[in-house]
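Just so it is clear, none of the values below were taken in a lab; they were calculated from the coordinates. The model shown is predicted, which means the values in this text are computed figures rather than measured ones. FYI the Cβ positions are ideal-geometry reconstructions off the backbone, even for glycines, and counts take in every protein chain you see.
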Amino acid sequence: MTGNWRGEDAPSTPEVIRARSRSALDASRGGVAVIVAVVVVAVVLVGALLWVTFQGDDATIASETDPAPSEDVTESAPPAPPGDGTYQIHQADDECLRISGSGDGYERQVLARGACDGDAALLTLTTGTDGTVTIGFGLPDLAGSCLRVDGPQEGEEAGIDYYGPAECDPADPLQRFTLLPAADGTVRLQSVGEQCMDVYEDYEFTDGKVVATANCSESATQPMRFRPV
């Protein structure tokens, strides 16, 4: 059957059908393209929204879980040296600096490390205007005497020198000592020759171990503990 077309150039029925089919197909393809484009845009927008959301959550989590920046920690200054007063000066757990006989034939009085009992283990500190200290004695027989190191003087070659009582003389630099406090509460005693008081545990005076000068170091026998009495 032939359709009713106007004009002599009207296409035959099959061609009309094909033309309409192409037109419909083109229209449907155009619609699908539009739909696909809309879907793609929607997917992109949803993806972007989700990305922004997760980024915000991550930032929130990071801000909640990240540790707070540590505060600046400044090293604490060592404690102040002991002030004026009477002390037992401990070196080792149960021994103190004390006056002893030298036991070497000279029978001079010297500083030793021994028992903490009696007046022989009492020492006094007096601070001078230059920050150094003089050390006196609790023994009544040594009233007016101060601890003096045998040497070295400032600038002299260092050796091993003993400590003993001498008549107090404010002008004698060998009677003045610098206290070097440490963070653990111990103190080293430094003489004018920049030597530190040390204990020679392998050697003995009459009433204790030999106390003499040595280079200032981390030696365990140089730190002293001042215990007021």
Worksheet entry | Per-pair calculated FRET efficiency, R0 = 30 Å: Asp119 and Ala171 via Cβ, rounded to 0.05 | 0.60
Worksheet item: Short version: ³J(HN,Hα) in whole Hz for each residue of the range 86-94, in order, from phi by Karplus 6.51 cos²θ - 1.76 cosθ + 1.60 (θ = phi - 60°), x for Gly and Pro, what are they?
Response: 9, 9, 9, 9, 8, 9, 6, 5, 9
Discussion item. Residue by residue through the range 178-186, what is 3J(HN,Hα) from phi via Karplus (6.51 cos²θ - 1.76 cosθ + 1.60, θ = phi - 60°)? Round to whole Hz and write x for glycine and proline.
Written reply: 9, 8, 10, x, 10, 5, 7, x, 7
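Stretch Ser219-Ile160 to full length: gain in nm at 0.36 nm per residue minus the Cα-Cα span?
Values: separation 59, 0.36 × 59 = 21.24 nm, distance 1.53 nm.
Fully extending the segment from Ser219 to Ile160 adds 19.7 nm.
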Item to complete: Calculate one ³J(HN,Hα) per residue across the range 133-143 by plugging θ = phi - 60° into the Karplus curve 6.51 cos²θ - 1.76 cosθ + 1.60, and present them in order as whole Hz with x for glycine and proline.
Response: 10, 10, 10, x, 10, x, 5, x, 5, 10, 4
Worksheet entry | Ratio Rg/Rh, restricted to the range 106-229 and using Cα atoms, in which Rh is the Kirkwood radius | 0.92
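What FRET efficiency comes out for Tyr106 versus Arg227 if R0 is 35 angstrom and r is the Cβ-Cβ distance? Round to the nearest 0.05.
Values: r = 31 Å, r/R0 = 0.89.
Taking R0 as 35 Å, the efficiency between Tyr106 and Arg227 is 0.65.
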